[in-house]
1. Go through Gly192, Gly184 for me and flag whichever is loosely packed, with under 12 Cβ neighbours inside 10 Å and either touching a Pro at 6+ places or on another chain (Cβ under 9 Å) or within 23 Å of Leu20 (Cβ to Cβ) (or both).
2. Could you list all residues from the range 152-171 that are farther than 15 Å from Asn15 by Cα and either assigned to a helix (DSSP H, G or I) or within 15 Å of the chain's Cα centre (by Cα) (or both)?
3. Which numbered condition trips up Thr134, out of (1) part of a helix (DSSP H, G or I); (2) under 21 Å from Leu16 (Cα atoms)?
4. Mind checking which residues of the range 38-49 are outside any helix (DSSP H, G or I) and either under 18 Å from Leu91 (Cβ atoms) or away from the ligand (no atom under 15 Å from the Cβ) (or both)?
5. Working only within the range 172-197, note down all residues that are assigned to a helix (DSSP H, G or I) and either over 14 Å from the mean Cα position of the chain (by Cα) or among the charged types (D, E, K, R) (or both).
6. Would you confirm whether or not the range 57-76 contains a residue that is within 15 Å of the ligand (Cβ to nearest atom) and not acidic (Asp, Glu)?
7. Please go through the range 1-25 and give me each residue that is in a loop (DSSP other than H, G, I, E, B) and more than 15 Å from the ligand (Cβ to nearest atom), ordered by number.
8. Would the range 63-82 turn up any residue that is within 22 Å of Pro177 (Cβ to Cβ) and among the β-branched types (Val, Ile, Thr)?
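A short reminder: the numbers here are calculations on the coordinates, not readings from a lab. Small disclaimer: the values here were computed from a predicted structure and weren't measured. Glycine also receives a Cβ, built like all others from the backbone with ideal geometry; neighbour counts cover every protein chain displayed.
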Amino acid sequence: MSLRVGVLVSGSGTNLQAILDAATSVYEVAIVMSNKPDAFALKRAEAAGLKTLVLLPADFSTREAFDDAVADALEAERVALVCLAGYMRILSAGFVKRFENRILNIHPSLLPAFVGGHAVRDVLEWGARVTGSTVHIVDDELDHGPIVLQEAVDVFPDDTEETLHERIKAVEHRLYPAAIRLFGEGRIRVEGRRVTILPDAG
Ligand code: GAR
């Protein structure tokens, strides 16, 4: 039975596209949810014939109430793994608890360096020579949970935020589907902060 994945987006959705393009019998995207009605990612989901849902934070009185509604919608679709793909919101503790060890995030830096919403810009401002991409399990703290996959990307002297982000995204588009497949194959074991990738049984 294939892993039912719920993808949360806020923006252009190139990672969503990579996840869709790489889908095999191991996983399927059951629903794409956005907090932004104009996210281009929603167009990609619709083009792929997927169920989409937009919930607006402004329609809820608290962050917890909003996150509860998102979690309810994911559970209604029997989602077993939640993937944050450019989802620019911090999840409440209650949401993380409901999907404990079943939420992945992709972040455009080599965590724990450069957490937060402007990682690529921050790398350039800091003058770092190497950055990269990280897929990690989401816990209660921002960009903090156990690291599943990580890959480095060199920073070039003439990089702009756009050129560097583009090279990072090229890596992300390989890394994220690979991490979801590993999860679907039951090959990710988490002990404290350490993640072990189990060998391929097949
Ligand atoms: C990706 O680079 C992702 O790593 C980043 O947003 C981009 C979304 O692109 N996420 C964060 O910065 C989270 N802190 P996409 O919408 O084209 O997939």
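1. Gly192
2. Hits for the range 152-171 are Glu161, Glu162, Thr163, Leu164.
3. (1)
4. Ala39, Gly49 - these are the residues of the range 38-49 that are outside any helix (DSSP H, G or I) and either under 18 Å from Leu91 (Cβ atoms) or away from the ligand (no atom under 15 Å from the Cβ) (or both).
5. Glu172, Arg174, Arg181, Leu182, Gly184 - these are the residues of the range 172-197 that are assigned to a helix (DSSP H, G or I) and either over 14 Å from the mean Cα position of the chain (by Cα) or among the charged types (D, E, K, R) (or both).
6. no
7. Met1, Ser2, Ala23, Thr24, Ser25
8. Yes, the conditions are met somewhere in the range 63-82.
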